[in-house]
1. Report whether or not residue 254 is modelled with pLDDT of 90 or more and in a loop (DSSP other than H, G, I, E, B).
2. Being more than 23 Å from residue 263 (Cβ to Cβ), among the hydrophobic types (A, V, I, L, M, F, W, C) and in contact with a helix residue (DSSP H, G or I) (Cβ under 7 Å, 6 or more places away or on another chain) is the requirement here; does residue 314 meet it?
3. Sort out which residues of the stretch 111-125 are part of a helix (DSSP H, G or I) and either closer than 12 Å to residue 5 by Cα or out of contact with any strand residue (DSSP E or B) (no Cβ under 6 Å at 6 or more places or on another chain) (or both), and write them in order of number.
4. Only one residue in 196, 176 is closer than 20 Å to residue 81 by Cα, of a type in the set (Gly, Ala, Ser) and assigned to a loop (DSSP other than H, G, I, E, B), so which one is that?
5. Across the stretch 148-182, what is the total count of residues that are under 24 Å from residue 337 (Cα atoms) and among the small types (Gly, Ala, Ser)?
6. Would you be able to say whether some residue in the stretch 331-338 is outside any helix (DSSP H, G or I), surrounded by 22 or more Cβ atoms within 10 Å (Cβ to Cβ), without any contact (Cβ under 8 Å) to a residue 40 or more places away in the chain and among the β-branched types (Val, Ile, Thr)?
7. Can you tell me which residue in the stretch 6-16 is farthest from residue 75 (Cα to Cα), limited to those that are touching a helix residue (DSSP H, G or I) at 6+ places or on another chain (Cβ under 6 Å) and outside any loop (DSSP other than H, G, I, E, B)?
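The values are calculated or read from the model by the stated rules, or taken from the named source; none is laboratory data. A quick note: this is a predicted structure, and the numbers were derived from the prediction, not measured. All Cβ positions, glycine included, derive from the backbone under ideal geometry; neighbour counts span all protein chains shown.
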Amino acid sequence: MKLNVFDAFSGCGGLSLGLEQAGFKVLWANENWGPAAETYRKNHNSTQVFETDAQELMKSFLNNDNQLPHPGDVDLLVGGPPCQGFSSYNIYSKPDDPRNSLVETFFDFANYLKPRYVLMENVPGMLSMDDGKVIKNIFKTFNEIGYDVRLNILQAGYYGLPQNRWRVFIFCAKRGLTIPNYPEPECSFIRTTIFGATKFKENVIKAPNESNLFWDLKPMTTVGDAIKDLPLIVNGNNNELFQYQTSQSTNYQKLMKGKCKRIYDHVCANKGPKIMERIQLIPKKKKAGWHDLPDHLKPKNLVRTGSKGYENRFGRLYWDGIFNTILTEANPYWGRVIHPEQDRVISVRESARAQGIPDKIHFSGRISDKYKQVGNAVPPPLSKAIGKEIIKAYHADSSRKN
């Protein structure tokens, strides 16, 4: 039996895709932003996709819209609602309160649908909101509507990604059911800093010491493992379609290619003359960045703040390294996004590879829309690992009943 999923804030579908790979059926999804909804729709043929504001969707639930799932239909509710409108002082009241934030609307979905499990995803920054009180209030609210809760902070790199990406996951199980465990780290990865998690150190999942003889971690995935097979392109390339020109030499490349015959979305942002002058002068060497530029081209704001903590700005990637956290724009001011050998920023497809999004996923919208969709996505390999743990919890409960 496959468990049914409702993805309430689906984006382009990274979380859904990983859950499908783990063995779930994602039957319903909602995404309010048109380009992401269109991407989801064309890549998930068996999912009913709603494209509306989450609060409006909740009103449709309350009006018993027959297109929507009913209480008992959903086994797993997932989503990453933005937390900006939610604080520890908000009082969770009723579903039709127009003041409700999207986090509260997510509670509404859970309270109405009563799924077995709920999975909530967000960035580590939510941990420090209102001095940690936001997390306490989220726990309190889930408890009040009948769920036991746990929180873990997971590094995507431990699950096969060539990327430094910390994310917060809140696991909920209906009271009386087993709360899913976090997935154990599978791969080696470098040590990286988590900003904003000071009060939640015990919730950070780390790989075991490499001297542990009972834990056989796979090797770390690198930039080269992920994208070295992709063809050469130039700054601002908008040619959507390429043939694979070389055979895939790593397991990760083969996994990303799958059965695809052509490469889609190997397009990149068009950077202006000043930025391109800087990019062309960044050496093709390990850890090169803005500090390697001649003085007259060093960004003044970075010169003022100094190099500490900003060494990745205008950084060039290197083949045996990793990607910085993939963001919603390939902006050299934000981090290390310059190709290891080519004078351009990484393409949409290269960003997708860094996120573990397979080549079969084609993105809709403008180039800027595509970068944004990729940057906002939950990496499928990470959500697949999480999904397997939820299925384990379900089977554990089922075996006890039998």
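1. When the stated conditions are applied, residue 254 does not pass them.
2. For residue 314, the condition - more than 23 Å from residue 263 (Cβ to Cβ), among the hydrophobic types (A, V, I, L, M, F, W, C) and in contact with a helix residue (DSSP H, G or I) (Cβ under 7 Å, 6 or more places away or on another chain) - is met.
3. 111, 112, 113, 125
4. Unique residue meeting the criteria: 196.
5. Here the count works out to 3.
6. Yes: one or more hits.
7. Looking at the filtered set, the residue picked out is 14.
Yes/no matrix, rows are residues, columns are (1) touching a residue at least 24 places away in the same chain (Cβ under 8 Å); (2) assigned to a loop (DSSP other than H, G, I, E, B):
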| site | (1), (2) |
| --- | --- |
| 268 | yes, yes |
| 271 | yes, yes |
| 276 | yes, no |
| 280 | yes, no |
| 283 | yes, yes |
| 286 | yes, yes |
| 303 | no, no |
| 310 | no, yes |
| 313 | yes, yes |
